[in-house]
Amino acid sequence: MKVWKKIRARTRSVRTAIFGGTFNPLHIGHLCIAEEVLHALPCDRVLFVPANIPPHKALEDPGAALRYEMLKRSLACDPRFAFDDCEIKRRGISYSIDTIRHLVGANLVESKPFLIIGDDLVEGFFSWKEYASILEASEIVIVHRFSVERLRPSFPHVYVDNGIFPVSSSLIRARIALKGAWRFLVTPETRGIIEEHGLYGLR
């Protein structure tokens with residue numbers, strides 16, 4: 001947690017974008033999205049928060065500790081990136097509103113932080129736990145994952161016109177299981193953990 005403590009010590013005027021997900025595994029597409037958010041918005045840092053159990057998808061999980069370790073090792077190269085394991089420590093299903101309240105209440109982020117969501121999550125946003133409270137407590141940032149065009153959700157948001165990388169965690173897991181090419185779709189640190197522990201069917 002040394003990286004996060006250093007960032008926490010900065011001025012309170014810093015703007016944070018919370019980036020949640022399973023990161024199963026973390027890949028270069030995640031990092032590219034984070035950097036584009038930093039360039040497009042008045043944002044100083046991106047805080048990656050790995051989910052313990054996601055509410056809207058099944059999880060083929062090598063273990064939350066290993067997913068978190070991939071983040072820690074991979075993000076150490078850039079001081080604008082930070083990480084927090086509050087959802088893993090909280091256990092159970094991970095909900096965005098609970099995370100925002102924890103981070104703001106503990107003064108780990110400023111009030112009304114940005115919250116990054118992919119365009120693939122827009123349609124189901126109104127099914128999220130306390131979605132109205134999420135809109136009050138954060139500023140939604142939509143990034144392109146699959147749609148080249150901007151979607152038109154009815155809730156307040158800002159859009160980042162990032163490039164779309166044809167890579168996903170599920171694609172990487174499938175390639176590993178089928179003994180396909182995958183090693184340069186992740187960071188060297190993530191690759192090392194996958195290889196060390198034989199994750200996702202790697203043998």
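Any read-out appearing in this document is the output of simple, stated calculations on the displayed coordinates, not a laboratory observation. Fair warning: this is a prediction, and the values are worked out from it, not measured in the lab. All Cβ positions, glycine included, derive from the backbone under ideal geometry; neighbour counts span all protein chains shown.
What residues have an amide H closer than 5 Å to that of G20, excluding those fewer than 5 places away on the same chain, when H is modeled at 1.01 Å from N in the peptide plane?
V49, I116
Provide H30, H102 in ascending order of the number of other Cβ atoms located within 10 Å of each residue's Cβ, fewest first.
With the sparsest Cβ surroundings first, the list reads H102, H30.
Output the 0 to 90 degree angle, nearest 10, between the alpha-carbon long axis of helix 96-105 and the longest principal axis computed from the alpha carbons of the chain.
Relative to the chain, helix 96-105 is tipped by roughly 60 degrees.
Using a Gaussian network model of the chain whose springs link C-alpha atoms within less than 10 Å, name the residue from F125, F83, F114 with the highest mean-square fluctuation.
F125
Mind checking the alpha-carbon convex hull of the chain and giving the volume per residue in Å³?
Taking only Cα atoms, the chain has a hull volume of 116 Å³ per residue.
Search the structure for amide H atoms under 5 Å from the amide H of H157, placed 1.01 Å from N in the peptide plane, and list their residues when 5 or more places away or on another chain.
When sequence neighbours closer than 5 places are left aside, there are no close amide H contacts.
Kindly count the pairs of lysines across the chain whose alpha carbons are less than 19 Å apart, treating pairs on different chains or eight or more residues apart as eligible.
The result is 8.
So what's the stretch 70-112 giving for Rg/Rh, alpha carbon basis, Kirkwood Rh from the mean inverse pair distance?
Looking at the stretch 70-112, the ratio lands at 1.01.
So what are the ³J(HN,Hα) numbers for the stretch 27-40, from phi and the Karplus equation (6.51, -1.76, 1.60; θ = phi - 60°), rounded to whole Hz, Gly and Pro as x?
For the stretch 27-40, the Karplus-derived couplings read 9, 5, x, 4, 5, 5, 4, 4, 5, 5, 4, 4, 7, 8 Hz, x marking Gly and Pro.
With 5 Å bins from zero, work out the P(r) of the stretch 28-113 over every alpha carbon pair and list the percent per bin.
That works out to 3, 13, 22, 22, 24, 13, 3, 0, in percent per bin.
Once the Cα atoms of helix 188-197 and of the chain are each reduced to a long axis, what angle between those two axes, in degrees from 0 to 90 to the nearest 10, is obtained?
Rounded to the nearest ten degrees, it is 50.
Could you order peptides 129-137, 18-26 by the average number of other Cβ atoms within 10 Å of their residues, highest first?
18-26, 129-137
Taking amide H positions as placed 1.01 Å from N in the peptide plane, with prolines and chain starts having none, which residues 5 or more places from N52, or on another chain, fall under 5 Å of its amide H?
I88, S94
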